[in-house]
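Read-outs throughout are calculated quantities, based only on the coordinates presented, and are distinct from any laboratory measurement. Please read these numbers as outputs of a predicted model, since none were measured by experiment. In this analysis, Cβ positions are derived from the backbone assuming ideal geometry, glycine residues included, and neighbour counts consider all displayed protein chains.
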Amino acid sequence: GEVVINKRLLRHSYSVTEDGTKDPNSISHNFRSPVPSDLRFARYEHESEFIEVRLPEEPYFPKIHQIYFPNGEQQDIGENGDIQVLSLYYSFNHSGTLGELIEAFRHEKRHVPEYFVWHIAEQLGRALIFLHTGLTREELDDKDRKPERRSDWVPIIHRDIHDGCVLLRFGKDDEDCDNVHKWCLPEVVLTGFSRANLETDPEEWWNESPRTSPPSENAAPGIWQDMHMLGCVLRKLVTYTTQHPHSPTEDYDVDLMSRLDSYQLNHWKWDTGKTVSPYSAELHRVLKTWEIKELQVGPPKQFTNPEMRDRVPGIDFLIDTVVPIATQRVHEFEWMGAELMVKEHGGHVSWAQPN
């Protein structure tokens, strides 16, 4: 059988006092919409009245196996229809996160192979394109017609994209898959929908998004947030040896003053002493589009400035440029086969899985 995990969702949580009771003054609102976002926007093969937007059967979205109310629906759903407690069962991921892979490469003072960067860009790009426009894989890959956005689609804004919420799943030896997918090109799963909102959600439903807002402001859900965070993830893959002087941790791509963390592409310098980029000019050009110089040098600019938000590449950049190029490059690498990819293009990446 398959190993699954239980994600327990509580609308409110409290700190516990010294005598073991809940402290009513320490309440945290874990989700604000009537139905938690993990279930509002879900990949689930059965019918459910709680799913607002059904995610497609694609590996880059997490699949829910079972929806369960621990105390029964009548007790776990409030009188006004708001879910209070919920359990969601997902497949167990055995290959760790993108962040763990980056840390493994950092520890070994190695750079992530270019084919893997394109693979991450393709998979996360396709996921965001669906969330923001409703366009499916079939529509994007139709060479006979340009993808047309659905006029009735309301963008789903993830609002919490970072390398810790990107799960990887390499094939196991006992599974029916080739060496390319066992060693080099794992499944890439965008998780962490707990902060997601529709772009049109009322303000009282907005989940907090600390990665694109200072603590004093919870910005309205917008495509620019996801696009900015995707750019940070991709640039971190190729510049992870660079430390931003203002960022208190590497968990956040925007520091507490809402300044952009500088995964800047002019830092082609590795701990091994190399100063020549191990990546192609094409990849450099694509990733450079995400850089906003005003957010990296001089007096700190903030995303609270609409002008700065407008500088973030839009979703058309993914549709017209990033995903088509990434798809083509990944196909070229796949065609070579795993042995040649490993020998001539930076080695395999499956060694970086957690034990």
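In this simple spin-label approximation, N355 and E282 carry label points 7 Å from Cα along the Cα→Cβ vector, and these lie 3.9 nm apart. If the segment from E57 to H331 were pulled out straight at 0.36 nm per residue, it would be longer than the present Cα-Cα gap by 96.5 nm. Count charges around L55 for me, please; just the other residues with Cβ under 10 Å from its Cβ, Lys/Arg as +1, Asp/Glu as -1. Every neighbour counted, the sum reads +1. Structure note, pairs K109/K343; K109/K236; K172/K343; K63/K288; K146/K182; K182/K343: Cα-Cα distances above 26 angstrom occur for K63/K288; K146/K182. Close amide H partners of I157, meaning residues 5 or more places away or on another chain with modelled amide H under 5 Å apart, are N197, L198, E199. Computed from the Cβ-Cβ distance with R0 of 25 Å, the FRET efficiency linking E18 to S87 stands at 0.25. The distance from the alpha carbon centre of region 87-143 to that of region 1-80 is 24 Å, rounded to a whole number.
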